[in-house]
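J.: Take a look at the following structure, please.
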């Protein structure tokens, strides 16, 4: 049996043994990324709605800006935040560097443009008559807005899933502003990077399996949503 097979078997054993250190890393990773997506999604959807349903100066520029920002590298976001949050930076007094809050900020910056761009595409595909009819029937703007969101719910869920997938696996920003501190800022991607750099593959493979399972789960959920949308 070769080393890879042995490491894989050990990874399965580690994953299902209830190893405290391993599961703390997993739970921290999910906690940080879930908070980032929860904080980002409402504002991103509102901005996407404004871009889809209203005309105003600079609208096309903002659409192009968000579409371009989707591809911003995680390490660039991490470097920018590091310079801002370091002691010599303008936000150094906040003492957020190497904290979970800094990691959340980095992940919010990464997922926000993606959420806006995908939500905008989804909302544009919704028949404008849903908004116009609701307003005509006397609904206030908030209720009409919620009506449009209901029509676009499956696409918006898919956008949120895509945003979560973008940040749960990023390593550049989390490593730079989180510091990869055990039991505090070490998440799945940074732990994988650390373990593989040391030549210890068992924990890295176990955490990689978690990410692969998550990717499968998210894609199954998105496909189910698209199927429901097709028949709704």
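Each value in this text was obtained by applying a stated rule to the coordinates, not by laboratory testing. For clarity, every value in this text was computed on a predicted model and none was experimentally measured. FYI the Cβ positions are ideal-geometry reconstructions off the backbone, even for glycines, and counts take in every protein chain you see.
J.: If neighbour count is taken as other Cβ atoms inside 10 Å, put 184, 53 in order from fewest to most. Provide the component values of the computation, followed by the final result.
T.: Numbers: 184 13, 53 17.
With the fewest neighbours first, 184, 53 line up as 184, 53.
J.: Still on this structure, I have one more. Show log10 I(q)/I(0) for the range 97-232 at q = 0.09, 0.13, 0.17 Å⁻¹, two decimals, from a solvent-free Debye sum over equal Cα scatterers.
T.: -0.40, -0.70, -0.95
J.: From the P(r) of the chain, could you give the percentage of C-alpha pairs in the tail past 32 Å?
T.: Numbers: 8468 of 26796 pairs.
Within the chain, distances greater than 32 Å cover 32 percent of Cα pairs.
J.: Report the FRET efficiency, 1/(1 + (r/R0)^6), for residue 215 and residue 83, where r is their Cβ-Cβ distance and R0 is 41 Å, rounded to 0.05.
T.: The value I calculate is 0.80.
J.: Same structure again: Please state, rounded to one decimal and in Å, the Kirkwood hydrodynamic radius that the range 58-139 gives when every pair of distinct Cα atoms enters the mean of 1/r. Write down the numbers at each step before the final one.
T.: Details: mean 1/r = 0.0653 Å⁻¹.
Answer for the range 58-139: a Kirkwood hydrodynamic radius of 15.3 Å.
J.: Determine by what factor the alpha-carbon radius of gyration of the range 137-189 differs from 2.2 N^0.38 Å, reporting the quotient. Provide the component values of the computation, followed by the final result.
T.: Working: Rg = 18.4 Å, N = 53, 2.2 N^0.38 = 9.9 Å.
Computed over Cα atoms of the range 137-189, the ratio equals 1.85.
J.: If you build the Cα gyration tensor of the range 57-98 and take the root of 5 times each eigenvalue, what three semi-axes come out, in whole angstrom, biggest first? Walk me through the numbers before you get to the answer.
T.: Numbers: eigenvalues 162, 33, 8 Å².
Square roots of five times the eigenvalues give 28, 13, 6 Å.
J.: Give the relative contact order (percent, whole number) for the range 4-100; include only Cα pairs under 8 Å separated by 6+ residues.
T.: Numbers: 21 pairs, mean separation 11.4, N = 97.
Normalised by residue count, the contact order of the range 4-100 is 12 percent.
J.: Normalised by the number of residues in the chain, what is the relative contact order in percent for Cα pairs under 8 Å and 6+ residues apart?
T.: Details: 273 pairs, mean separation 69.8, N = 232.
In percent, rounded to a whole number, it is 30.
J.: Once label points are set 7 Å from the Cα along Cα→Cβ at both residue 67 and residue 30, what is their separation, rounded to one decimal in nm?
T.: 3.6
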